1. Within segment A:212-227, is there a residue that is within 20 Å of residue A:125 (Cα to Cα) and open to solvent by 70 Å² or more (accessible area, probe 1.4 Å)?
2. Given (1) away from chain A (no Cβ under 14 Å); (2) basic (Lys, Arg); (3) open to solvent by less than 90 Å² (accessible area, probe 1.4 Å), where does residue B:95 come up short, assuming only one miss?
3. Checking residue A:774 against (1) closer than 25 Å to residue A:96 by Cβ; (2) within 30 Å of the chain's Cα centre (by Cα); (3) basic (Lys, Arg): exactly one of these is not met. Which one?
4. Considering segment A:254-287 alone, what residues qualify as being open to solvent by 30 Å² or more (accessible area, probe 1.4 Å) and under 33 Å from the mean Cα position of the chain (by Cα)?
5. Name the residue that is farthest from residue A:245 (Cα to Cα), counting only residues in segment A:187-234 that are in a helix (DSSP H, G or I) and aliphatic (A, V, I, L, M).
6. Just give me the residues in segment A:744-787 being more than 23 Å from residue A:847 (Cβ to Cβ) and not in a helix (DSSP H, G or I), in sequence order.
7. Hey, does segment A:841-853 have a residue that's closer than 18 Å to residue A:770 by Cα, open to solvent by 60 Å² or more (accessible area, probe 1.4 Å) and at pLDDT 85 or above?
8. Would you mind telling me which numbered condition in (1) open to solvent by less than 60 Å² (accessible area, probe 1.4 Å); (2) farther than 30 Å from residue A:271 by Cβ residue A:400 fails?
Amino acid sequence: MPAQPPKKALQFLRWFCREDFLEEIEGDLIELFAIQFPEASRQASWTFFWWVLRYFRPEFIKSFQSGTLMNTALVKHNLLISYRGFTRNKTAFLINLIGLSTSLATAFFIVLWVQSEWKMDRFHEKDERLYQVMQNYQLPEDKIKVTSWTPGPLSQGLRDEFPELEYATSFKTGNFFDGILSASEQAFKATPVYADQDFLQVFSFPLITGDKSQVLTEPGSAVISQSLAKKLFGTAFKAVGQTVEWNKSEGASARYKGSFIISGVIEDISPHSSMQFDILLPYQFFMDHTWGVERWNNHPVSTAMILRQGVDLSLLDQKITQLVQAKDGAYNGVYFLKQFSSQYLYGTYENGVLVGGRIDYLWLFVCIACLILIIASINFMNLSTAKASIRLKEIGVKKTLGVSRGELIGQFITESLLLSFLALLVAFVLVAVLLQPFNAITGKQLSLNFSLIHVMLFTGITVLTGLLSSTYPAFYLSAFKPIQVLKGKIERSVGELWIRQGLVVFQFVISIFLIVAVLVISQQMSYIHNKNLGYDRHHILSLRTIGPLFEKMEPFFEEIRKLPEVQSIANSNTNLVACENFTWQPLPHAEGEHTEHILLNVFIVTPEFLQTYGIQIKEGRNFSKDFGTETSKVILNETAVKEMGLNNPIGSMITFWDVPVEVIGVVKDFRYHSMYKRVEPCIFRLFNEGDNFGRFIWIKLEAGQQVKEIDKIADVYQQFNPGLAMEYGFVDEEYQQLYESENRVAALSKYFAVIAILISCLGLFGLAAFTAEKRTKEIGIRKILGASEWRIVTLLSKDFTVMVLMAILIAMPLSFVIGHRWLESFADKIQLQSWVYVLAAAIALLIAWLTVGVQTFRAARANPVNSLRAE
Amino acid sequence: MGRHRLGEFEEIVMLTVAILHGEAYGIAIIEEIEKRLNRKVSMGSIQTVLRRLEKKGFLVSEFGEATKIRGGKRKRFFTVTNLGKETLRQTRDQRMALWNAIPKIALDF
């Protein structure tokens, strides 16, 4: 018996292939199969399948148009009927259009935002092999702190010891290092990254001129961004080979100061990069000018690398930890590698465990987008099922004339798709108009560029919404029996009413939930903003030192102190609000081998610092000039005292940075990080004699009339830094910036809540209008029989009130649980209070009543004669 | 001249059909091309080209007899029409004219 080709394949072929080709193709294939079968029987079946699949292309596929949905006359008819429906029920049409277009616009905004967040840091060519070195520090009480700081020489060590990686780079970022770049008598402020030779091999910042393997190898070379090159030299190509001065105007002893030759120009950094800079300076320069970067027990920089294919990550993690331990015997942390691009979205660790990050907000907003779309779809469903009675005749006549159920469903789907696409057009206008404000809230630079993916996504969302909102009405309406319908009898099942009311309840559950969310978020944010942090952050002006001022800090201070409104002025090496300067401190009681360490945040300050910030001293005293030089004295905070185990802190000697120092004071704990973090131990010491001051200047002002004072300070500043405008901020503003993403979420969630409530109310408005219209006769009769207007209003709003009350009952526990979970991520938080819920419920009820009330009052006040006479 | 233009692959297929003279159906054509030109051709592309040529009037086809090895399906045999022959001849003449126009020296090595 000859071999049989696989049946499935033949069936498939017969199903899709054009009849006039089928016999020939099938014959050929079977013949070929018969030839091949004796040689390799097993393979032949698979090959046969493959052959069949290769015929599955337009020339050979038959036409599947059977004439139900694609019939143009029918489509035309459906469109016409839809159009007439829209013009007849203008209220319903407008409600649906407004609801759908607002919700689509919201969804589009969220899509744009999510997409832009998703793209962050993923543009690097070898993204899937680009890893950053992270580490878990062991803190007391088994706490673990995750950071991305690494020892300065790590990348060199990695390069020497591990063949598993292609490239490794250490780099130092932070606008802490902002400086002034000058050339040809022009000077501009620039943000640098100090990067070693492989930086551009690891990160794909495209070079306009220069070779990425060469540009950073020479110690005196620098790479600048295109726009900086244009500003300084006119074009990118002219810039190469030119000499630029970094921080030239600062005095002779300034730390980060030098001249460089431009070896390459990179394109401006994409907004999708979390690392933003204008100039790449040599890492060696940073090493040479910063104390302790070459030490293995100091962790000041970041390190990233490109792994080779198929490297065992956990093994490499261990090896890196061992490498660091070999160099620094006291090290007790654990290194691990993390994909660089994942840090942006998944960056929050709790005690060493990854718990999320920005991705949470992404999901939150995707959920909100879906909810708002559902709310708008529900409006459509409710209005079209409620208005079913108007269309009963139409459906009945069509059915008796032989229109099939499928065609009716097609008609309703056409109607809702048509509406959705009209809404899509309106939504595009809305998005275009509101894009600027939206960018302002989110701090993004989103734009509507019509890439294929956008068009597909937006069309997809629109079609989905259209289908979602049309399925229930389509099936419900098309299921009517023609005889009953034409007789005018229609059995309204209890289930149908339940569904409609259930949907309204659902809408209000979402709305109430969002109201509660907005209240809780804004309460927590205002709590954070007004919380007593243990220091006074108000009326403190914050300046960054750049330029020649560095050299003349003391005289500058003297001048400023002369101003009457200035209470005090201080300088420090780091920002109090977002301290990023910490060290690994051995515990004093650990004798000989320092096996135990704590993390200590280091503030190097001038004596007036504590006073300027109003930090309270618990024991001992502040630094004072009365005691001569005090560079060997330190002040600790309470947590540091506790973690170091000092029983009598005042007067005790500890070793700090390998030098014995005396503790002269203890300050009360104050919060110098965001509220997500606990209070960490910290130490204050003075600048060494002859050392440069830090970059941060703080000026405590008297309350009121700040504008005048700032002008005066700026005048003094001008004398010391001629030609440079004073850039300043306020500490309380900087503090708020710590909560940037929360503030944005708070602002956005307000808008979304308002949109959700508005759309829900639109639906309610439509339903109320419809009920009132349907019950005109009833109302008329009731009025004739003596019912008061008020009685009728309550009668009509009773149903809606019940629905909203039910929604309140469902929404309360839900919002309690979710609100509680959100608050848990804060170290300091508000208590959830009952009045929040009462307020949310009251708002929902009030809005619902107002919406319904407009309709019911109109119905109740109508003259019964009119409603009863009309027949 | 313009309307009788043939693609390279079309020309090969037509010539093969002519070679096979009455025995030209899908598989036979493929085998012939493979044998003579050492060139892999897929079934789908052959069938597409055959149909196209038939539409242009260069080929005609008729069904042969059903055979068992083809699962009871008939073969479709192709033959070259007069128009096809004429086009082939024209194509060849054009090529020859071009060849003859090359100065002797250009091809001397």
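1. yes
2. The number of the failed condition is (3).
3. Condition not satisfied by residue A:774: (2).
4. If the condition is that a residue be open to solvent by 30 Å² or more (accessible area, probe 1.4 Å) and under 33 Å from the mean Cα position of the chain (by Cα), then A:267, A:268, A:270, A:271, A:272, A:274, A:276, A:278 are the ones that fit.
5. Initial filter on segment A:187-234 (in a helix (DSSP H, G or I)): A:199-202, A:226-233.
Those left that are additionally aliphatic (A, V, I, L, M): A:200, A:202, A:228-229, A:232.
On the way: A:200: 22, A:202: 27, A:228: 13, A:229: 13, A:232: 12 Å.
Once the filter is applied, the top-ranked residue is A:202.
6. Selection gives A:785, A:786, A:787.
7. Yes, the conditions are met somewhere in segment A:841-853.
8. Against the list (1) open to solvent by less than 60 Å² (accessible area, probe 1.4 Å); (2) farther than 30 Å from residue A:271 by Cβ, residue A:400 comes up short only on (1).
The values are calculated or read from the model by the stated rules, or taken from the named source; none is laboratory data. Computed from a prediction, not measured in an experiment: that's the story for all the values here. Cβ atoms come from the backbone with ideal geometry, glycine included; neighbour counts cover every protein chain shown. Ligands, DNA and RNA are excluded from the accessible area calculation, which covers all protein heavy atoms including side chains. Shrake-Rupley method; radii C 1.70, N 1.55, O 1.52, S 1.80 Å.
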